[in-house]
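S.K.: Handing you a structure now.
The values are calculated or read from the model by the stated rules, or taken from the named source; none is laboratory data. Nothing here was measured: the structure is a model prediction, and the numbers come from that model. Note that we place each Cβ from the backbone using ideal geometry, even for glycine, and neighbour counts take in every protein chain shown. The protein model used for the area step is the full one, side chains on, heavy atoms only, and it has no ligands, DNA or RNA in it. Shrake-Rupley method; radii C 1.70, N 1.55, O 1.52, S 1.80 Å.
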Amino acid sequence: QKEVEQDPGPLSVPEGAIVSLNCTYSNSAFQYFMWYRQYSRKGPELLMYTYSSGNKEDGRFTAQVDKSSKYISLFIRDSQPSDSATYLCAIPPTDSWGKLQFGAGTQVVVTP
Amino acid sequence: SQTIHQWPATLVQPVGSPLSLECTVEGTSNPNLYWYRQAAGRGLQLLFYSIGIDQISSEVPQNLSASRPQDRQFILSSKKLLLSDSGFYLCAWSVPAGRKHYGYTFGSGTRLTVV
C-alpha cells in the first residue's frame, strides 16, 4: 500500500467553480502536509503548507487536514483558467531524513 | 535567497548515447539533493538522493547514475541511453535532515526524449 494515495483525474471544471482535491495517507504519525502545483512542462512549486489538523486559507486556496480520517484536501474557490495544472499532495516523513512522500498528482482543467 | 538551476531544458538523444544532466543550488549550504523522473501522465519517481558530497543513495535499479562532486552540484548520468529513459527529469533540494522540513524546491526540469 502506498503511503499517500491521490486520484490522478483529470478533473475538468468550468471557470468560477470550486475545485476540490484530496489525498489519503496511511501513517497516522504524519504531522505536516503540503500541496504542490505543477504547470505543464515546469517543475512543481510549493502552494500550501499545513501542520496538524484544521484549515489554512491563502487567498482562493484552502488546505484542510482531517487527521482522524487521514484525509487532506485542497479547495480552490472561483477557479480560473490559470489554475489549470497538476496538483500534488506531499507529506514529509516522521524520521529526520526528509524524503517527501508524493501523491500521484491530480490534473485540473478549468475551462473558460 | 536560494535558487536552483537545472539544464538543459530540452534534450533529444539517440539510443545508446551518453547523458549528463546538471543541477546546481545557490544560497544554501549542505542541502539535501534529489533527482526525480516524471513519465508522461505519471507521478514523481525518486531516482537518487544525496545528503552530502559523494553520499548518494539509489531508489530504483536502472540505467542511470548520479554524482555529487561539490556540495551544491548534482549530476545525473548514463553511459548508454535506452528508449525507456525518456521523461521529464527534475532536480530538487531541501534543508538538511534534522531541521524543520520546509518541503522541496524543484528546478525547472529537463525534458529528455530518447530516439
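S.K.: Return the distance in nm (one decimal) between the two label points of a simple spin-label model at B:E22 and A:Y71, each offset 7 Å from Cα along Cα→Cβ.
M.R.: With each label placed 7 Å out from Cα toward Cβ, I get 4.9 nm.
S.K.: Where a ≥ b ≥ c are the square roots of the eigenvalues of the C-alpha gyration tensor, would you call the range A:4-111 rounded, which needs a/c under 1.5, or, failing that, prolate if a/b is larger than b/c, or oblate?
M.R.: Numbers: a/c = 1.98, a/b = 1.58, b/c = 1.25.
Here the range A:4-111 falls in the prolate category.
S.K.: Using only the alpha carbons of chain B, determine the length spanned along each of the three principal axes and report them from longest to shortest in whole angstroms.
M.R.: Extents along the principal axes, in whole Å: 42, 27, 22.
S.K.: Quantify, in whole percent, the carbon and sulfur part of the accessible surface of the range B:3-114 (1.4 Å probe; protein heavy atoms only).
M.R.: The nonpolar share, carbon plus sulfur, comes to 52 percent.
S.K.: Tell me: how much accessible area in total is hidden between B and A, 1.4 Å probe, Å², nearest 100?
M.R.: 1700 Å²
S.K.: Follow-up question, since we're still on this one. Could you please state how large a percent of the accessible area of the range A:4-111 is carbon and sulfur, counting protein chains only and using a 1.4 Å probe?
M.R.: Whole-percent figure for carbon plus sulfur exposure: 46.
S.K.: Let me ask another. Kindly identify residues of the range A:35-53 having a loss of at least 30 Å² in accessible area between the isolated chain and the assembly of all protein chains, probe radius 1.4 Å.
M.R.: The answer is A:Y36, A:Q38, A:R41, A:G43, A:P44, A:Y49 - residues whose exposure falls by at least 30 Å² when every protein chain is included.
S.K.: Hey, what's the range B:3-114 come to in accessible area per residue, 1.4 Å probe, Å²?
M.R.: Solvent-accessible surface per residue comes out at 46 Å².
S.K.: Using Cα centres only, tell me the gap between the range B:59-89 and the range B:1-53 in whole Å.
M.R.: Centre-to-centre (Cα) distance: 8 Å.
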